[in-house]
């Protein structure tokens, strides 16, 4: 068995363990500074998957990981462990991720379609429409979708569900929405009071929904 296959099996076990009968409720609170985080556990906590079948054939497979503060902290620790970067490189990476966190709600998405012509999320003429919905009634269209071209071996380390048959994307939404708090003021789309949120992909091929439930 290859290391790649073993890593995927471990991740799948963690995903099942984290879910039990269903994904366990999560917290949006930032982790305590300096506390070591298990990257595999964090990845499983913040990842959701969906498969669409038709006539016994796989039409679509999607995995999506939400860049929560807890996941980003675990990602940075794992990046530090793997690469042991010099201080300035680590500082720059931390700053880039923090800049994104305060402005956007983002997901790493691994997307497989049975016909590669359907796999066009980053195109303005895409077959798909991508939305973020929350329990408070917010519904946003993605503000940016970019193809995350890079080294497959690195992507598979940090996101072991991803493979060479899927396309990697970064899907982002504006973090603040006018009036989402009911007072006419900009409020975090995913923030205090949100019981759950859902990443939605719609097209003539189907309706894909991946849901994250928060602790009450």
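The residues listed here are 72, 130, 61, 109; of these, the one that is in contact with a helix residue (DSSP H, G or I) (Cβ under 8 Å, 6 or more places away or on another chain), at pLDDT 95 or above and either under 14 Å from residue 201 (Cβ atoms) or buried (at least 18 other Cβ atoms within 10 Å of the Cβ) (or both) is 72. Note on region 40-54: residues that are crowded, with 17+ Cβ neighbours inside 10 Å and either assigned to a loop (DSSP other than H, G, I, E, B) or free of Cβ contacts under 8 Å to residues at least 40 places away in the same chain (or both) amount to 5. Selection within region 99-150: residues that are assigned to a loop (DSSP other than H, G, I, E, B) and within 14 Å of the chain's Cα centre (by Cα). The member of this set that is farthest from residue 63 (Cα to Cα) is 142. Residues that are at pLDDT 95 or above, crowded, with 20+ Cβ neighbours inside 10 Å, touching a strand residue (DSSP E or B) at 6+ places or on another chain (Cβ under 7 Å) and farther than 18 Å from residue 100 by Cα occur at least once in region 182-198. Being exposed (fewer than 11 other Cβ atoms within 10 Å of the Cβ) and either touching a strand residue (DSSP E or B) at 6+ places or on another chain (Cβ under 7 Å) or not in a helix (DSSP H, G or I) (or both) is the filter here, so list the residues in region 75-98 that pass it. Answer for region 75-98, where residues must be exposed (fewer than 11 other Cβ atoms within 10 Å of the Cβ) and either touching a strand residue (DSSP E or B) at 6+ places or on another chain (Cβ under 7 Å) or not in a helix (DSSP H, G or I) (or both): 84, 86. Annotation: residue 207 fulfils all but one of (1) in contact (Cβ under 8 Å) with a residue 12 or more places away in the chain; (2) part of a strand (DSSP E or B); the unmet one is (1). Flag: residue 84 matches the condition of being free of Cβ contacts under 8 Å to residues at least 40 places away in the same chain and under 17 Å from residue 158 (Cβ atoms).
The values are calculated or read from the model by the stated rules, or taken from the named source; none is laboratory data. In this text, all values refer to a predicted model and were calculated from it rather than measured experimentally. Note that we place each Cβ from the backbone using ideal geometry, even for glycine, and neighbour counts take in every protein chain shown.
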